[in-house]
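Asker: One structure, as structure tokens, below. Some questions next.
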Amino acid sequence: MNKMSQQFKALSDLSRLRIIAALCTYDELCACHLSELLGFANATITRHMALLIAADWVRRNKQGRWVYYRLNTDNPLVQALQPTLIQTFQSDATCQADTTRLAAIIVASAADQKLCKLSTH
């Protein structure tokens, strides 16, 4: 029960819920995209992601200086809740705005190449 409690506690923060919503929409996101989306410093994103990783919601993939995150679909809780989360996120105004903003961020980073290299994958 302790692990399950930790997993749900990780979702008790609005910023982390927004991150999970973004990862439900995009298979993989760079830390810099999440930082830009939420308007947080990289250190703050790193702290939130560390909690989500510890709770087994997210996996991290480091490629050079870039850090990419994706939902941990090997986690049975993620597998069970992902369809419900996606449906809930799709009807939420904040998540809808985040999806639109994130799409613009990804397009801008593809043109600029200063944000990260995600859009070249």
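Asker: If you go through region 25-45 one residue at a time, how many are part of a helix (DSSP H, G or I) and open to solvent by less than 50 Å² (accessible area, probe 1.4 Å)?
Answerer: Number satisfying all stated conditions: 9.
Asker: Determine which member of the set 110, 22, 97, 103 is assigned to a helix (DSSP H, G or I), loosely packed, with under 15 Cβ neighbours inside 10 Å and modelled with pLDDT of 95 or more.
Answerer: Exactly one residue qualifies, and that residue is 97.
Asker: Which residues, taken from region 29-79, are closer than 19 Å to residue 94 by Cβ and either touching a His at 6+ places or on another chain (Cβ under 6 Å) or among the β-branched types (Val, Ile, Thr) (or both)?
Answerer: 44, 45
Asker: Oh, and also: Out of the residues in region 46-80 meeting the condition of being basic (Lys, Arg) and in a strand (DSSP E or B), tell me which one is surrounded by the fewest Cβ atoms within 10 Å (Cβ to Cβ).
Answerer: Taking the candidates together, the pick is 62.
Asker: Sticking with this one: Restricted to region 81-91, and to residues that are surrounded by 14 or more Cβ atoms within 10 Å (Cβ to Cβ) and not β-branched (Val, Ile, Thr), which residue is farthest from residue 20 (Cα to Cα)?
Answerer: Out of the qualifying residues, it is 81.
The values are calculated or read from the model by the stated rules, or taken from the named source; none is laboratory data. All figures in this text were calculated on a predicted structure; none of them were measured in a lab. Neighbour counts run over all protein chains shown; Cβ positions are idealised from the backbone, glycine included. Keep in mind that these areas ignore ligands, DNA and RNA; they rest on the heavy atoms of the full protein, side chains included. Shrake-Rupley method; radii C 1.70, N 1.55, O 1.52, S 1.80 Å.
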